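One structure is given here, and the rest of the page talks about it.
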Amino acid sequence: MIEGLSSIMTPRSGDQGLADGSDETVESVALAGAAAIQRLIADRDNLRNHANVQQRDLVALNAINEDLRRRLALIRHHYVELGTKILTQLEQFDQATRDAMHDIQSAAPSSSEDANLVALAHRLKPSPGASRPARGTA
């Protein structure tokens, strides 16, 4: 299009009909310019529409992003609460286990009592020959 305009506007040497065609040339240049301006305006309008659509999409995506951030913060808060509760319960369980072990150790008989119980068990243990019935008595 630009090449056509430049050839129309640039007179050739030896053009005698320039005066005759000058009105037509100016008119065709004006029409070509008007068409180019209309195309530029249409392109500008299309770009504005496209930019507006992208702006609306950006606003929508920002709202979605903010909602997701809020939800993630809420989930994180719940997990921190859950972890704190579990840790508290584990600490209570550990303390209860330690208390139970301490009670067992304090209630356990001393080592001399253990030795007396072992000696008594050995004395009351039946002898190997006495546990078998005599042969022929059945």
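The values are calculated or read from the model by the stated rules, or taken from the named source; none is laboratory data. None of these values were measured; they are calculated from a predicted model. Backbone-built Cβ (ideal geometry, glycine too); neighbour counts: all protein chains shown. Accessible surface is based on the protein model in full, side chains and every heavy atom, while ligands, DNA and RNA are left aside. Shrake-Rupley method; radii C 1.70, N 1.55, O 1.52, S 1.80 Å.
Using the Cβ of A60 as centre and a radius below 12 Å, the other residues enclosed give a net charge of -2, where K and R count +1 and D and E count -1.
Near A119: Cβ cut-off under 13 Å, other residues only, Lys/Arg at +1 and Asp/Glu at -1. The net charge is 0.
Taking all protein chains as they are arranged and a probe of 1.4 Å, the heavy atoms of D103 leave approximately 90 Å² accessible to solvent. Net charge in the neighbourhood of I37 (other residues with Cβ under 13 Å of its Cβ; Lys, Arg +1, Asp, Glu -1) is 0. Taken per residue, the accessible surface of segment 63-106 reaches 97 Å², heavy atoms only and a 1.4 Å probe.
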